[in-house]
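Every number here is computed from the coordinates shown, using simple stated rules; none is lab data. Small disclaimer: the values here were computed from a predicted structure and weren't measured. Neighbour counts run over all protein chains shown; Cβ positions are idealised from the backbone, glycine included.
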Amino acid sequence: MNTINNSLQKVLKWDIKEFLKAIIGCFLFALAVNIFIVPNALYNGGILGIAQLIRSILETAFNLKFSFDISGIINFAINIPLFIIAYKMISETFFKRTLVCVIFQTIFLTLIPTPAASLIEDILTCVIIGGIVAGVGSGMTLSASGSGGGTDIIGLVISMHNKKTSVGKIGGAINVVIYVICGILYGIPTMIYSIIYAVILSLVVDHTHEQNICSYVMIFTKKQPTKIIKFIREELERDTTYWEGYGGYQKSKTYISYCALSKYEMQRLERHIPELDPNAFMIKSEGIGIEGNFTKYLTK
C-alpha cells in the first residue's frame, strides 16, 4: 500500500484516498449514465452527450451495430484537444489526473452493461436518480482534484477567471445547446427529460465540489494565533486577519482570527486546529458570496 501511495504522490501528487475518491466518482457517473439515462433514450450533456449523439447517428443513419456502447470511446477521442487545454491553462498535475480519470471513465462506460429496457418504468424517477448519482460522482472526482474531462475542463478554466461562475453553471449553459439539438433530432420529450437530468446533475455537482463552495471562519484563541496563521498561509495559501478582543464574562484577552476559505480548505483547517491550538474554537459559515480579490483554487 505504501508503495502504491508513494507512486501516486510522485507521478500525480495524489494520495491513495484522493485517487480512490476520484475513481469511485468516475464509476458512479458511468453507472448513472448507463443504468438510468441511456436505457430511456436520453442524453448526457457536455462532450459525452455529443459522443452519444454521434453513436446514435452511426446506429440509425448508417445502420451500424455495436456489441457495446462506443460513446465512451468517442468521448475519449473528442477529449484529446481538451487535455491540451488542461495542460496549458490549468496545470500539468491536473492534466495527468484528468487523463487518468477519463481513461477509467471510458472503461466504466464501456464495461458497465446497459439494460435493454429501463429498470424503473417512470422516466422522471430515472432522471432524478440518474442526475443525483451522476452529480455526486462528478463532484467527488472534482473534489479529489480530478476531472471527467469535457465541459469540466472548460468550466474550470472559465471559473478560474470569473468568480461569479461555477463548473455546474458553465456545464449547464453548454448543455442547453446540446439539448436543443436533441429536441430537433429526437423530439421534445427527449429534450425536456434530458434537460431536467442536466439541471439536477449541475446542482449536485456545485454542492459536492467543495472547492467551489466559499466559506468564512472565525477562530478564537487565548494565545497568539501564530501557528494557525502560519498554517493558513503556508498550507492553504490564504491569508488571515486577526485582532484582540476581551471576553465579556472574565474580561480575559482573546485573539480572533478571520479568514475566507473554500469548503475543502475549511475541512483541512478543522482537521489541524486541535494540534495547532487544542483550546481554540471556531465559528464558520458555508455557501457565502465573496466579491473582490479572492482566488478560487478549484483544482486543489
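To make sure I understand, if each residue's beta carbon is the centre and we count other beta carbons within 10 Å, what order do Ser257, Ser56 fall in, fewest to most?
Least to most surrounded, the residues fall as Ser56, Ser257.
What's the longest uninterrupted piece of the chain once you rule out the GluC sites (Glu not before Pro) that are loop residues per DSSP with at most 14 other Cβ within 10 Å?
My reading of the result: 1-120 is the longest stretch.
Given +1 on the Cβ of Lys and Arg, -1 on the Cβ of Asp and Glu, and no further charges, what dipole in debye does the range 26-155 carry about its Cα centre, rounded to the nearest 20?
So the dipole magnitude of the range 26-155 works out to roughly 360 debye.
Using a simple charge model, +1 on the beta-carbon of Lys and Arg, -1 on the beta-carbon of Asp and Glu, nothing else, what dipole does the chain show about its Cα centre, in debye to the nearest 20?
The dipole of the chain has a size of about 840 debye.
So between Tyr216 and Ile73, what do we pick up on full extension, going 0.36 nm a residue minus the alpha carbon distance?
That works out to 47.3 nm of additional length.
What relative contact order, as a whole-number percentage, does the chain give when Cα pairs under 8 Å and 6 or more residues apart are counted?
Once normalised by length, the contact order is 20 percent.
Going by alpha carbons, how many degrees (0 to 90, nearest 10) lie between the helix axis of 92-111 and the longest principal axis of the chain?
Approximately 40 degrees, to the nearest ten.
What FRET efficiency comes out for Ile80 versus Lys227 if R0 is 51 angstrom and r is the Cβ-Cβ distance? Round to the nearest 0.05.
It comes out at approximately 0.65.
Among Gly130, Gly45, Gly248, which one moves the most in a GNM of the chain with springs linking Cα atoms closer than 10 Å?
Gly248
Tell me, Met140, Met191, Met282 in order of fewest to most beta-carbon neighbours within 10 Å?
The fewest-first ordering by Cβ neighbours comes to Met282, Met191, Met140.
Do any trypsin sites (Lys or Arg not before Pro) in the range 35-104 lie in a loop, going by DSSP, with at most 11 other beta-carbon atoms within 10 Å of their beta carbon, and if so which?
Here the trypsin sites (Lys or Arg not before Pro) that fit, given the DSSP loop and packing criteria, are Lys65.
Of (i) 20.9; (ii) 24.2; (iii) 19.8, which one was derived for Kirkwood radius over Cα pairs in Å from the structure shown?
Here Kirkwood radius over Cα pairs in Å agrees with entry (i).
Calculate how steeply helix 263-276 sits against the longest principal axis of the alpha-carbon atoms of the chain, using the helix alpha-carbon long axis, and give the answer as 0 to 90 degrees to the nearest 10.
Once rounded, one gets 30 degrees.
Place +1 on the Cβ of every Lys and Arg and -1 on the Cβ of every Asp and Glu in the chain, take the dipole about the Cα centre, and give the residue among Tyr87, Ile184, Phe27 whose Cα lies farthest towards its positive end.
Tyr87
Report the residues of the range 214-244 in range of a label on Ser252: point 7 Å along Cα→C-beta, backbone N strictly under 19 Å from it.
Within reach of a label on Ser252, which here means backbone N under 19 Å from a point 7 Å along Cα→Cβ, the range 214-244 contributes 219-228, 243-244.
Residue separation times 0.36 nm, minus the C-alpha to C-alpha distance between Asn63 and Ala116: what's the value?
Here the segment from Asn63 to Ala116 would lengthen by 17.3 nm.
What ranking of Ile200, Ile24, Ile153 emerges when the number of other C-beta atoms within 10 Å of each C-beta is taken as an exposure proxy, fewest first?
Ile24, Ile200, Ile153
What angle do you read, to the nearest 10 degrees and between 0 and 90, between the alpha-carbon axis of helix 71-89 and the longest principal axis of the chain?
Tilt relative to the chain: about 40 degrees.
Under a point spin-label approximation (7 Å from Cα along Cα-to-Cβ), what is the His272-Tyr87 distance to one decimal in nm?
So the label points at His272 and Tyr87 sit 3.2 nm apart.
Please give the net charge around Val38, taking every other residue with its beta carbon less than 15 angstrom from that of Val38, where Lys and Arg add +1 and Asp and Glu add -1.
-1
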